[in-house]
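So the structure is just underneath, and the comments pick up after that.
The values are calculated or read from the model by the stated rules, or taken from the named source; none is laboratory data. Owing to the predicted nature of the structure, the values given are computational and were not obtained by experimental measurement. Cβ placement follows ideal geometry from the backbone for every residue including glycine, while neighbour counts extend to all protein chains displayed.
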Amino acid sequence: MMKKGLKPILLLALIGLVLQAGSQNARIKIDIERKIGEVDKHLYGNFVEHLGRCVYGGIYEEGSTLSDDKGIRLDVLDAAKDLNVSITRYPGGNFVSNYHWKDGIGPKDQRPPRMELAWARLESNRFGTDEFVDYAKRIGTEPYFSVNMGTGTIEEAQQWVEYCNVKSGPYYAELRKKNGNAEPFNIKYWSLGNEMDGFWQMGHLNAEDYSKKAREAAKLMKLTSPDIKLIAAGSSNYRPEADPNEWNATVLHELRDVIDYLALHMYVGNTENNYYDFISTPRVLEERTRVVKGMIDREMQMANRGNRPPIYIAWDEYNIWYRARGEETMAGTRALEEHYNLEDALVITGFLNAFVRNADIVKMANMAQLVNVIAPIFTNEKGMFKQTIYYPLQLFAKNVRGTALDVHVDCETYNTDRFPIGLGESTTQQTNVPYLDVSATYNNGELILCVVNRNKDKSITTDLISQEGQFTGDVEVYEVNGPDIKSENDFGKTAVQTVNKPAIKVTMADKITYSFPPHSFTMLKGKILK
Ligand code: AHR
């Protein structure tokens, strides 16, 4: 039998054990003077491709009671507007490598239907340049066009720039006016093809041939509209047999005096149903960012770029894409329809945190894509719902601005196995992965802290320590979470969304403490004043 005096000690030990099992402790040190770089508003971009139901049945559905007289789905328009997407890439993707933009202008009934070879559809061309520019204006996003470097010619690329950006005079500028748009569209961002390193790309080229073609296209495009920004196709092919950095090195070297960005793409998946491997995949994106940044630095050092700004990285396609990777789900009108869950939303937050942590070099990022096709918005003919991944992108797009800060995170870590990143791509391993994934920005006295607690089971009680200045006033708390890592949203059901939690009450303090719940994304919004 237990002696009376021992009981409280045992009880305390027991409480200690229970507490240990249910939570961890951590520290995040914030120094508003440790700056990484300015966060570009174009980190919160998106992508519209003529693929599956992204355009037809997504943003555009003629004859639907949910659409206006131009065929624009108004429910989708509202959701897209509220996502605050800063820049939207169009019209592809693999689609663009056999797209001839002139098919998509002029009177709709005279536009030619074409076989769409990338994703096996019939392309009606009833939605094209003028419709997209109008749509972009309505949702408040900057249009970003991709030219066809596959089956397209450099002349065709030049003529598209003329159609969009030249006020009046030459044939294509006049044609735009005839088509109802008196003022030029002034499209600033143009990518020189899509994933041209991929064997799957129509008109795929090797790095040298791509660079030559892109260089000549760039010349004509810039002569037509000197202020445009050009984005070269970096490597998207990380299969073991490919050498992605060889491609990147050649393209950077050959195009270093004409381009403004190098585009990188990354899709990840949880093919092995291993939560901790999957949740760590944004670290691979960060690794790739660092490698390419080194390559850019090398080229910058060798090149005489005069007063031109450096080349930046545009992650102009990223997302989770692994369920809809089968023969049937990769083609036709229902292609790439992924249904997302909470763990996917946390991976998206990890990507966004990684972009912010690398804000000095990553100046554009585009979630692929906007509607139905690996997308935050999902429709049927009767309505739509917001997928789990909608919420982190929206929170970042509405709040994360200013200067990215280099914060110090001290927390427990875990190791992963070697894991696949996506279909056919190489494996990697991550060691000492912190359970907390953090980014911070500071903007006119306002601090935004974005924290993913990757721990599936434990909350993490964290001291947030300000090293310069004090927390002043209430700290707003927004949380994206759900009952379970596999929780999904659906038509009429919202299991995962942003919840506004009670604010943390602060007067003036160097330190506040917050407990980040398991499998959650928390955004803290407060003030640090000196
Ligand atoms: O976003 C889907 C596809 O993924 C794009 O068309 C292509 O660029 C990438 O491989």
So the check is Cβ under 6 Å with 6+ separation or different chains; which pairs have a first residue in region 253-272 that's free of Cβ contacts under 8 Å to residues at least 60 places away in the same chain and a second one that's of a type in the set (Lys, Arg) and in a strand (DSSP E or B)?
Asp260/Lys229
When Asp109 is run through (1) in a helix (DSSP H, G or I); (2) touching a residue at least 12 places away in the same chain (Cβ under 8 Å), the failure sits at (2)
Check Arg239 against each of (1) away from the ligand (no atom under 15 Å from the Cβ); (2) surrounded by fewer than 20 Cβ atoms within 10 Å (Cβ to Cβ) and name the one condition it does not meet.
(1)
Let me confirm something: among Arg283, Arg323, which residue is surrounded by fewer than 22 Cβ atoms within 10 Å (Cβ to Cβ), within 15 Å of the ligand (Cβ to nearest atom), not polar (S, T, N, Q) and not in a strand (DSSP E or B)?
Arg323
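Hey, could you check region 492-515 for residues that are of a type in the set (Ser, Thr, Tyr) and modelled with pLDDT of 95 or more and say which is nearest to Lys382 (Cα to Cα)?
Of region 492-515, the ones of a type in the set (Ser, Thr, Tyr) are 494, 498, 507, 513-515.
Still in the list and also modelled with pLDDT of 95 or more: 494, 498, 513-515.
On the way: Thr494: 17, Thr498: 24, Thr513: 45, Tyr514: 42, Ser515: 41 Å.
Within region 492-515, the match that is nearest to Lys382 (Cα to Cα) is Thr494.
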Within region 183-231, which residues are among the acidic types (Asp, Glu), touching a helix residue (DSSP H, G or I) at 6+ places or on another chain (Cβ under 7 Å) and away from the ligand (no atom under 16 Å from the Cβ)?
Glu208, Glu216
Output for Cβ contacts, cut-off 8 Å, separation at least six or different chains, first residue at positive phi in region 28-57, second of a type in the set (Lys, Arg) and within 16 Å of the ligand (Cβ to nearest atom), reads Gly52/Arg121; Gly52/Arg334
State which residue pairs qualify: first residue among the β-branched types (Val, Ile, Thr) and at pLDDT 95 or above and inside region 356-372, second residue part of a strand (DSSP E or B) and within 16 Å of the ligand (Cβ to nearest atom) in any location, beta carbons under 6 Å apart, and separation of 6 or more residues or different chains.
Val371/Ile377
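Quick one: in region 23-75, which of the residues that are under 30 Å from Leu405 (Cα atoms) and of a type in the set (S, T, N, Q) is nearest to the ligand (Cβ to nearest atom)? Walk me through how you get there before you give the answer.
Quick first cut of region 23-75, residues under 30 Å from Leu405 (Cα atoms) only: 23-47.
Subset that is of a type in the set (S, T, N, Q): 23-25, 46.
On the way: Ser23: 39, Gln24: 37, Asn25: 41, Asn46: 11 Å.
The residue in question is Asn46.
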Thr129: farther than 19 Å from Met330 by Cα, within 16 Å of the ligand (Cβ to nearest atom) and among the polar types (S, T, N, Q), yes or no?
no
So for region 369-378 (the condition being within 16 Å of the ligand (Cβ to nearest atom) and either of a type in the set (Gly, Ala, Ser) or over 20 Å from Asp75 (Cβ atoms) (or both)), does at least one residue qualify?
yes
What strands (runs of 3 or more DSSP E) lie completely within region 459-530 and have 2 or more residues being without any contact (Cβ under 8 Å) to a residue 40 or more places away in the chain and surrounded by fewer than 14 Cβ atoms within 10 Å (Cβ to Cβ)?
497-504
Expected single match for more than 15 Å from the ligand (Cβ to nearest atom) and more than 19 Å from the chain's Cα centre (by Cα) among Val407, Val356, Val362 is Val407
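Would you point out the residue of region 76-92, among those that are in a loop (DSSP other than H, G, I, E, B) and within 17 Å of Trp190 (Cα to Cα), that is nearest to the ligand (Cβ to nearest atom)?
Going through region 76-92, the residues in a loop (DSSP other than H, G, I, E, B) turn out to be 84-86, 91-92.
With within 17 Å of Trp190 (Cα to Cα) added as a condition, the list becomes 86, 91-92.
On the way: Ser86: 19, Pro91: 10, Gly92: 5 Å.
The qualifying residue nearest to the ligand (Cβ to nearest atom) is Gly92.
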